[in-house]
Amino acid sequence: MFEVLRCGPVTTIQDQGRHGMRHLGISQCGTLDPVASRQANLLLGNAADAAVLEVLHPPLLLACHVDCDIALVGDDMGAHLLDQHRHPLPGGRLEPGRVHSVRGGQLLCLPGRRHPGNYSVLGVAGGFDVPLVLGSRSTDLSNRFGGLQGRPLQSGDRLYVDHDADSGRRLRQGIRPIAPNGQLRAIPGPEFEQFNRQSRLDVWQTRWTVGRQSNRVGLRLGNTPLRSEDTGYMSSSAVLPGVVQVPHNGYPVLLGNDAQTTGGYPRIISVISADLWKMAYLTPGARVRFEQVSIDQARAIHRQWQQYWARLEMIPPSGEAS
Amino acid sequence: MSQLDPAIHLVNDRALLLSFTHHPDIPAVQRLLLRLGRELQQSLRTPDNPQAPLRNIIPGPGNLTLELAADTDMSLTTLTEHLEQCWKSLTPDETVSAREHRIPVVYGGRHGPDLDTVAAHAGLSPEEVIQRHAGGQYDVLCLGFQPGFAYLHGLDPSLHTPRRDNPRTRIPAGSVAIGGSRTGVYPSASPGGWQVIGHTALTLFDPGNPADPTLLLPGDRIQFIIEDAHV
């Protein structure tokens, strides 16, 4: 069991998301970086969709009350272990992409760093034990269900570990982290042609700044307003994470995992599914560019990822933890 | 079906949007779209491909979005071919029986603070607004905006009312409201600009019920019943 001693806002329990329910108005939610979460789970011998802790706003300080193996993937956040007197443990630095053993009584500290793009996933062998709600352990913050009572973590919370689900397998050699590059590959959206010529150029050429109002629902992109020529009535239809909607004020919104399932604003471009994980690192102040790719290129990139996971899953695990 | 072929657009690299821009009979086209979604899902589930290659089939008003599953090798080109095939072989099915719901509503008073606004805008008495709202037959075109929130078709045109200039910061769960040409029931509390005319005690969304989390489903029909009226 872990006890939360300190945490920033929007620290949540997430898994790979709630799928196949958008026709009921139920959002996907789930980890913002599905690559990091799956890597953490693979390192720990967990199922790919085991629940992890998502850290968007450090610091995070957890007291560990039982021996367990953990893995951090994403930003390193200066993560390290402390002893029960809160002194740093020699060799206690928690390198991302590796399995680390934590003893009961030790503290896990992620102080974070002051720059945009702080984002990490913390996995534990067995996964965090919260109930499955509508097929997922993800927190739906907007509708207050899933995860830990449908809310972000706060000081004093207790996080239980599903020890029964611990396979005992570990990937001791580690996984090389993949760094996001501030470049999101995208295809033109369904209403791309409704935008005027300048806007159709601007969307690809602008180096966008992620605005302060951004959250898990969507990233607000500043600097250049985009204008559509057809301002007539548009029927609502389904929207998905990665879709860039342009409301009447012209400032685009890049929809995130918690976005509602339907939208009525023109969609200028859509980020390809293989690049959605990079959005996790686009915290307020970060810069981002969109790069146009063809549908065939997107398909090739999707295949490369399938091959990447197949290769990783073939690496033989190294038995019991030390 | 050929005289009203839908347009197909890409939503992203893994999803298609099928839409009708204008259609005289919205509930009829919606029933067709819902059947298309079901039949497509069934036709794609074959003995050699038992895993359905679609992750989501999401109806909108007059449109349908199809999203490929993350682990499928199917391309959007192949999906489009299946879709066109399925659309061509689809015949109108008049025998379809929709689920019917009766939603009891307490109109007006503290549960319906905007009833008078709607009445004034329509040039009707509050009693007449209630009669017309509860007298309607509504089709659930689709769900969206919130879990279990139904996009309803069938609001009497005399009750169409613009949204509030100052949206409320919190509309309670169960509120029955009018926004423009639509009426709806809020499954969960939410900020919103719709005119609230009443309240139902029914639960429209229950995350603890995995088999049936939403009371309403696309294709259902509903009727509002006057449980009480404060005018």
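Each value in this text was obtained by applying a stated rule to the coordinates, not by laboratory testing. Keep in mind it's a predicted model, so treat the numbers as computed, not measured. Positions of Cβ are backbone-derived with ideal geometry, glycine not excepted, and every protein chain shown enters the neighbour counts.
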Least to most buried among A:Cys7, B:Cys86, A:Cys29, by other C-beta atoms within 10 Å and fewest first, runs B:Cys86, A:Cys7, A:Cys29
Sorted largest first, the C-alpha extents of the stretch A:261-322 along its principal axes in whole angstrom are 53, 32, 25
Beyond 22 Å, the calculated P(r) of the stretch B:103-199 holds a percent of Cα-Cα pairs equal to 18
For chain A, the longest principal axis of the Cα atoms and the Cα long axis of helix A:295-314 enclose an angle in degrees, to the nearest 10, of 10
One can check that the equivalent ellipsoid of the stretch B:1-106, built from the alpha-carbon gyration tensor with semi-axes equal to the square roots of five times its eigenvalues, has lengths in Å, largest first, of 25, 17, 15
Cα-based Debye curve of chain B sampled at q = 0.09 Å⁻¹ gives log₁₀ I(q)/I(0) of -0.44
In degrees, nearest 10, the alpha-carbon axis of helix B:76-88 is tilted away from the dominant principal axis of the alpha carbons of chain B by 70
Normalised Cα Rg of the stretch B:171-231, dividing by 2.2 N^0.38 Å with N its residue count, works out at 1.18
Partner shielding of B:56-66, as the mean number of partner chain Cβ atoms within 10 Å, equals 6
Under 5 Å from the placed amide H of B:Leu143, counting only residues 5+ away or on other chains, we find B:Tyr151
Shielding of A:240-247 by other chains, given as the mean Cβ count within 10 Å, works out to 2
Here D for the stretch A:7-133, in µm²/s, from Stokes-Einstein with a Kirkwood Rh over Cα pairs at 4 °C and 1.567 mPa s, works out to 87
So, with points 7 Å from each Cα along the Cβ direction, the B:Arg99-A:Gln304 label distance in nm works out to 4.5
For the stretch A:65-165, the convex hull over Cα atoms projects on average to an area in nm² of 7.6
Mean 1/r over distinct Cα pairs of the stretch A:137-247, inverted to a Kirkwood Rh in Å, yields 18.8
Given A:275-283, B:112-120, A:31-39, A:207-215, the highest-first ranking by average Cβ count within 10 Å works out to A:31-39, A:275-283, B:112-120, A:207-215
Rg/Rh over Cα atoms for chain A, Kirkwood Rh, comes to 0.99
Note to self, the protein assembly as shown gives a 222 nm [θ] from helices alone (DSSP H runs n ≥ 4, -39500 (n - 2.57) apiece, / all residues, nearest 500) of -5000 deg cm²/dmol
Under Stokes-Einstein, the stretch A:190-322 at 4 °C and 1.567 mPa s, with its Kirkwood radius over C-alpha pairs, diffuses with a coefficient in µm²/s of 79
In whole Å, largest first, the alpha carbons of the protein assembly as shown cover along the principal axes 78, 51, 50
